[in-house]
1. So, residue 215, is that one farther than 30 Å from residue 22 by Cβ and not in a helix (DSSP H, G or I) or not?
2. I'd like to check which strands (runs of 3 or more DSSP E) are fully inside region 226-300 and have at least 1 residues that are in contact with a Cys (Cβ under 7 Å, 6 or more places away or on another chain) and not hydrophobic (A, V, I, L, M, F, W, C).
3. Looking only at region 311-350, count how many residues are at pLDDT 95 or above, crowded, with 16+ Cβ neighbours inside 10 Å and either in a helix (DSSP H, G or I) or among the charged types (D, E, K, R) (or both).
4. Considering only region 31-81, state which residues are acidic (Asp, Glu) and either crowded, with 22+ Cβ neighbours inside 10 Å or touching a residue at least 40 places away in the same chain (Cβ under 8 Å) (or both).
5. Out of the residues in region 281-299 meeting the condition of being surrounded by 23 or more Cβ atoms within 10 Å (Cβ to Cβ) and modelled with pLDDT of 95 or more, tell me which one is farthest from residue 385 (Cα to Cα).
Amino acid sequence: MATRPMTSPAGYDPLDEATLADPYPQLADLRAQTPVAWHEGMECWLITRYEDCMRVLRDHETFARDPRRLGIQVPDAHLSVQVLDPPQQAGVRSLFMTALHAQDLDALQDRLRQMIRELLAQFAARPVVEAMRELAQPVALAAIAGLLGVTPPPLDEWAEISDTIMRSMDAGLNPELTEPGRRARAQLSHLVASWFTTTGQPAGLLGHVRARTAGARPEQAAYVRHTARVMFQGGYSTLTAALGNLLHTLAHHPEILPALRERPGLVHTAVDELVRFDGPVQGTTRLAATDITIGDTAVRRGEKVTVLVAAANRDPQTFVTPDRLVLDRTPNRHLGYGWGTHACLGTVMAQRVLAALVDTLLDTQVLPRPAGPAPRRRTATMRTFARLPLSLKAPTLPTL
C-alpha cells in the first residue's frame, strides 16, 4: 500500500503563471505518474483519473461535502444545497430543480441572443473589445438575474464582489483572502435577503421558490436563502468564466465557426465539447468520511480529496484524442459542471447561454480573433481570464 509522500507532487502549483496559462501538460503528467498524489501545500489528495474522480463525486456516503459529518463546525451562513449531503440536501435541491424546470428557458435564451446581438453591433466599429468586462460579464449577469427573476445589481459593483468571493475560494493557498471574502459574502447575503423580504411576489425561479417556502421552518428557510445566494454567485462566476473560455477557444481555433455554419445542428454538442476542452471549474474538494483506498493509495478519514476536473476531462482512458476538439464528440460525459448530487444547479441554463453566444456569432458572422495578451486570473478553483482583448468583427466582403 502506498504511503503519503511528504512533498508536493511534480512541484504542482495551481497559481504558477505557466500553470495558469496552460495547466493541461502538467495535469497529464500527474495523471500518468501519480494519479492519486498528496499535495503538501494544499494539504489534500489530488485525484486526476476520470474514473477515480467520478467515484469521489458519486459516492457521497464515503466522500463528504458537509464538514459537519467529520465533526468540523460550519457557519450557518455557509450551509446551502452545495454543502449539505443527501438525504438532508434532497428537499432543497428538489425545490430548486422543480423551480428551474418551471421556467420558460426558451424565452430567456431568446432575450440573451438579442442582447448579444446588440452588444456585437456596438463593437462593430471598434478594433479591440475587452470581452470579459464588455461581453462575458454583462451576459452572465443578465442570464442569472433573468433566471432568478430579480433586478440585477450594478455590474461594476457586483463584479468586484463576485471576484472577491471567487478569489477567497483559494484561501487555503493564501489566507489573506479569507477576510475580504467574508465581507463580500456579507454584502451578497444582504442583497439576497432583500429578494426574500420585498413585498409582492417576484417572477422567475425565485418567485416559484418563495411561493413554496412561505411559512417554512427557520432552518429550512435559511437553507433556501443560502442556496439562492450560491446559485446567483456561482451561476454568475461560472458563466462569466465559461463565456470567456469559449470566446478564447473560438478565437484561437478559427476553423470552429465555419465548421458549425456548415453543420448548425452540432451547436449544442460543440458547446459541450468546448466546456470539456477548457472548462471554468478546475476542481472541487470532499472529505474522506472513512478510511478508504483510491487506486493503491490509502486515504485516511478526515483527509481532503480534491477532484481535479480539468485533468479528468482530458483523461485518454475516457476521451479519445482528449487534447483535440471533436465537435461531434458523443458520448461526452465530462465533469465541467460537476456530477451527481452536487452538480451545478444551473447546468441546463449555462449550456443554453453558451449556445446563445455561438448561435449569435454564427448569425452575425462575427469571427472572434485575438487582439493582445490575455492573462488569466490568479485563481486555482476557477479557470477564467483577467482580461480578454478580442477583435469581434464580421469579415468585410470584397466589393465587386
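1. For residue 215, the condition - farther than 30 Å from residue 22 by Cβ and not in a helix (DSSP H, G or I) - is met.
2. Numbers: elements: 283-288, 292-294, 297-299.
The qualifying strands (runs of 3 or more DSSP E) are 283-288.
3. 5
4. Step one: filter region 31-81 for residues acidic (Asp, Glu), giving 40, 43, 51-52, 59, 61, 66, 76.
Scanning region 31-81 gives 43, 51, 52, 61, 76.
5. The selected residue is 299.
Each row is one residue, and each column tells you yes or no for (1) more than 20 Å from the chain's Cα centre (by Cα); (2) farther than 16 Å from residue 77 by Cα; (3) buried (at least 17 other Cβ atoms within 10 Å of the Cβ); (4) at pLDDT below 90.
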site: 188; (1), (2), (3), (4): no, no, yes, no
site: 216; (1), (2), (3), (4): yes, yes, no, yes
site: 240; (1), (2), (3), (4): no, yes, yes, no
site: 245; (1), (2), (3), (4): no, yes, yes, no
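Let's see how each residue does on (1) modelled with pLDDT under 95; (2) assigned to a loop (DSSP other than H, G, I, E, B); (3) more than 25 Å from residue 379 (Cα to Cα):
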| residue | (1), (2), (3) |
| --- | --- |
| 4 | yes, yes, yes |
| 18 | yes, no, no |
| 74 | yes, yes, no |
| 77 | yes, no, no |
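Here is a yes/no grid of residues against (1) crowded, with 21+ Cβ neighbours inside 10 Å; (2) at pLDDT 95 or above; (3) under 22 Å from the mean Cα position of the chain (by Cα):
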site	(1), (2), (3)
301	no, yes, no
308	yes, yes, yes
389	no, yes, yes
395	no, no, no
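The values are calculated or read from the model by the stated rules, or taken from the named source; none is laboratory data. Values in this document were obtained by computation on a predicted structure and should not be read as measured data. Here Cβ is always computed from backbone atoms with ideal geometry, including for glycine, and neighbour counts include all displayed protein chains.
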